[in-house]
Amino acid sequence: MSYLKTIEYEIIPEESFLVIRNCSGCNRKTHFKNTGKFRVNANGNKLDVWLIYQCEHCKHTFNLTIYERQKAASIPKKEYQSFLDNDEQLAEVYGRNLAFFKKNKAEVDFQNLQYNLVKQQERTEKVECQEQVKIVIHNPCCLKIRPEKQISQVLGMSASHVKKMMEQGEITTETISMQMISFHVKQDVMED
């Protein structure tokens with residue numbers, strides 16, 4: 001009887017995504033960062049809510065739309081109060097939501113994105129095959145990170161070495177999607 005160890009990781013951005021866009025103050029493309037503040041505007045019985053981003057150089061701002069022309073009753077009261085209180089945690093949630101940036105047609109800077117691979121859990125089960133380690137990497141923010149780079153970071157190897165091991169069948173992938181990668185590697189590779 002052999003054992004299959006499963007280790008799960010999650011990719012967690014260290015901070016809100018940076019946005020690349022033209023800045024009217026700098027007269028060039030530059031980075032804009034999340035201020036952690038919201039702008040709420042009422043027009044009759046309709047509300048607009050934006051997350052405010054600011055140029056890193058000249059402090060010009062632009063707003064990313066969260067709600068547009070919504071009835072106040074359609075926004076959850078707790079969330080609405082968080083907007084009014086400039087809740088930084090809620091600003092971080094929006095600042096790490098890729099769908100939010102796509103909706104706003106904002107260009108996210110994936111090149112300079114800082115993130116951590118955090119071990120979530122580890123479990124072992126009895127199996128009929130040779131001893132292997134199954135590694136699952138969850139990517140809830142759908143960050144654009146090449147699969148071999150994610151695998152290399154978990155295994156502590158270069159991406160080219162991982163690619164070679166994949167070609168030789170020493171690492172076999174099970175699932176590759178924007179939100180998750182799972183792969184198998186022999187136990188002895190993990191012990192090196």
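The values are calculated or read from the model by the stated rules, or taken from the named source; none is laboratory data. It should be emphasised that the depicted structure is a prediction, and the values quoted were computed from it without experimental measurement. Ideal geometry is used to build each Cβ from the backbone, glycine not excepted, and the neighbour counts take in all protein chains shown. We work out accessible area using only protein heavy atoms, side chains counted, and drop any ligands, DNA or RNA first. Shrake-Rupley method; radii C 1.70, N 1.55, O 1.52, S 1.80 Å.
Of the residues screened, Ile12 is one that is among the β-branched types (Val, Ile, Thr) and open to solvent by 50 Å² or more (accessible area, probe 1.4 Å).
Name the residues in the stretch 1-16 that are farther than 16 Å from Phe183 by Cα and either within 20 Å of the chain's Cα centre (by Cα) or part of a strand (DSSP E or B) (or both), would you? The answer is Ser2, Ile12, Pro13, Glu14, Glu15, Ser16.
Just a yes or no: is a residue in the stretch 104-111 more than 23 Å from Pro140 (Cβ to Cβ), open to solvent by 90 Å² or more (accessible area, probe 1.4 Å) and either out of contact with any His (no Cβ under 6 Å at 6 or more places or on another chain) or of a type in the set (Asp, Glu) (or both)? Scanning the stretch 104-111 turns up no residue that is more than 23 Å from Pro140 (Cβ to Cβ), open to solvent by 90 Å² or more (accessible area, probe 1.4 Å) and either out of contact with any His (no Cβ under 6 Å at 6 or more places or on another chain) or of a type in the set (Asp, Glu) (or both).
Scanning the stretch 141-151 for residues that are outside any loop (DSSP other than H, G, I, E, B) and surrounded by fewer than 17 Cβ atoms within 10 Å (Cβ to Cβ) turns up just one, Lys149.
Note on the stretch 157-169: among residues that are open to solvent by less than 70 Å² (accessible area, probe 1.4 Å) and assigned to a loop (DSSP other than H, G, I, E, B), the one that is farthest from Val108 (Cα to Cα) is Gly169.
Give just the number: which of (1) at pLDDT below 90; (2) closer than 24 Å to Asn34 by Cβ; (3) not aliphatic (A, V, I, L, M) does Thr173 not satisfy? Answer for Thr173: the failing condition is (2).
Number of residues in the stretch 61-90 that are among the aromatic types (Phe, Trp, Tyr) and at pLDDT below 95: the value is 2.
Restricting the search to helices (runs of 4 or more DSSP H) fully inside the stretch 32-119 and requiring at least 3 residues that are within 22 Å of Gln179 (Cα to Cα) and among the hydroxyl-bearing types (Ser, Thr, Tyr) gives an empty result.
If I ask for residues that are among the basic types (Lys, Arg) and loosely packed, with under 11 Cβ neighbours inside 10 Å, which ones from the stretch 72-98 would you list? Passing the criteria: Lys77, Lys78. Scanning the stretch 17-31 for residues that are touching a helix residue (DSSP H, G or I) at 6+ places or on another chain (Cβ under 9 Å) and either part of a strand (DSSP E or B) or open to solvent by 30 Å² or more (accessible area, probe 1.4 Å) (or both) gives a single hit, Val19. Among residues of the stretch 120-140 being open to solvent by 50 Å² or more (accessible area, probe 1.4 Å) and part of a loop (DSSP other than H, G, I, E, B), the one that is modelled with the highest pLDDT is Pro140. When every residue of the stretch 43-51 is checked against the conditions, at least one turns out to be buried (at least 17 other Cβ atoms within 10 Å of the Cβ) and under 21 Å from the mean Cα position of the chain (by Cα). When the stretch 52-76 is filtered for residues that are among the basic types (Lys, Arg) and more than 27 Å from the chain's Cα centre (by Cα), the ones remaining, listed by number, are Arg69, Lys71.
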